[in-house]
């Protein structure tokens, strides 16, 4: 029985996240439509749309790796304390993914200043 819970819990979690993200996006677009109905100047509508568009930031692999590492360690310790033995293996797997993400964060810089430093080190 515990195996089914361990397998179906991520599916439920992804479903809940997808539901709320789509609900937020739908509300944002409905707000844009309502505001645009009351504005006559097209330049102001463009300003509103530009302000609502989120700027994509590069992924910080080091930060997400540390979070993933500690989630994995938490799963491992929870499996060690409880009688659910599979959580120890799952926890170690997630922790290993976190370590890999941390290493990737140092191998692939994401900030323009870090990229410039890496290029300068390579060129000198």
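Here, each number is a calculation from the coordinates, and none is a lab measurement. All of these numbers come straight from a predicted model, not from anything done at the bench. Here the Cβ is made from the backbone with ideal geometry for all residues, glycine too, and neighbour counts use every protein chain on show.
Take the alpha carbon gyration tensor of the chain, find the square roots of its eigenvalues, order them as a ≥ b ≥ c, and report rounded if a/c is under 1.5; if not, report prolate when a/b exceeds b/c, else oblate. Please list the in-between numbers first.
Numbers: a/c = 5.35, a/b = 1.34, b/c = 3.98.
Judged from the Cα gyration tensor, the chain comes out oblate (a/c at least 1.5, b/c at or above a/b).
Spacing of the modelled spin labels on residue 67 and residue 7, each 7 Å from Cα toward Cβ, amounts to 2.8 nm.
Estimated at 0.36 nm per residue, the fully extended path between residue 92 and residue 33 surpasses their Cα-Cα distance by 16.5 nm. Helical runs (DSSP H, four residues minimum) scored at -39500 (n - 2.57) apiece and divided by the length of the chain put the mean residue ellipticity at 222 nm at -28500 deg cm²/dmol.
From least to most packed, judged by other beta carbons within 10 angstrom and beginning with the fewest, 121, 62 follow the order 121, 62.
Tell me, 37, 117 in order of fewest to most beta-carbon neighbours within 10 Å?
Neighbour counts put them in this order, fewest first: 37, 117.
Would you mind ranking 20, 77, 122 so that the residue whose beta carbon has the fewest other beta carbons within 10 Å leads the list? Display every interim value, and only then the final one.
Working: 20 10, 77 13, 122 7.
If I rank by nearby Cβ atoms, fewest first, I get 122, 20, 77.
Could you work out the relative contact order of the range 57-124, using alpha carbon pairs under 8 angstrom and six or more residues apart, expressed as a whole percent? Don't skip to the end; give the middle numbers.
On the way: 82 pairs, mean separation 26.3, N = 68.
Worked out over the range 57-124, it gives 39 percent.
Just subtract the alpha-carbon distance of residue 77 and residue 46 from 0.36 nm times their residue separation and send over the number in nm, one decimal.
Working: separation 31, 0.36 × 31 = 11.16 nm, distance 5.13 nm.
Stretched fully, the residue 77-residue 46 segment lengthens by 6.0 nm.
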